[in-house]
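The values are calculated or read from the model by the stated rules, or taken from the named source; none is laboratory data. As the structure is a computational prediction, the values presented were derived from the model and not from experiment. With ideal geometry, Cβ positions are generated from the backbone for all residues, glycine too; neighbour counts draw on all protein chains shown.
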Amino acid sequence: MKIKNTAIIAKVTADGKLEIPPEVLAQLQPCTEYEVSVIEDEIVFKKTYNRLTLKKLRKRVKEAGSDINQAKLEEISQIVK
């Protein structure tokens, strides 16, 4: 269920925590980061996208190192014959 352009009330508790209503929480994806912007009297949550660049991918591959159990070309050739 997507909620759009609907006034839903959230409140800040006495200990300073933001209580987000369940119908809004249902829209947020677990383990996803959101950018929070405060502009005058509005708070906006925007989903962040951590795109993988070629540079980051190459760094990950280099850090992972080689796989000692990786099949050799000859072994792969035998499998696909």
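Summary of computed values
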item: Selection count, region 22-32, where residues are surrounded by 10 or more Cβ atoms within 10 Å (Cβ to Cβ) and either in contact with a Lys or Arg (Cβ under 8 Å, 6 or more places away or on another chain) or not in a loop (DSSP other than H, G, I, E, B) (or both); result: 5
item: Filter result for G16 (exposed (fewer than 10 other Cβ atoms within 10 Å of the Cβ) and either at pLDDT below 90 or among the hydroxyl-bearing types (S, T, Y) (or both)); result: no
item: Unmet requirement for G65, which otherwise passes all of (1) surrounded by 10 or more Cβ atoms within 10 Å (Cβ to Cβ); (2) farther than 30 Å from T6 by Cα; result: (1)
item: Checklist (1) assigned to a helix (DSSP H, G or I); (2) modelled with pLDDT under 90 applied to L52, failing item; result: (1)
item: Region 68-81, subset charged (D, E, K, R) and part of a loop (DSSP other than H, G, I, E, B), residue surrounded by the most Cβ atoms within 10 Å (Cβ to Cβ); result: K72
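Residue by residue, here is whether (1) in contact with a strand residue (DSSP E or B) (Cβ under 7 Å, 6 or more places away or on another chain); (2) of a type in the set (A, V, I, L, M); (3) without any contact (Cβ under 8 Å) to a residue 24 or more places away in the chain holds:
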| residue | (1), (2), (3) |
| --- | --- |
| E42 | no, no, yes |
| F45 | yes, no, yes |
| L52 | no, yes, yes |
| L57 | no, yes, yes |
| V61 | no, yes, yes |
| G65 | no, no, yes |
| Q70 | no, no, yes |
| E74 | no, no, yes |
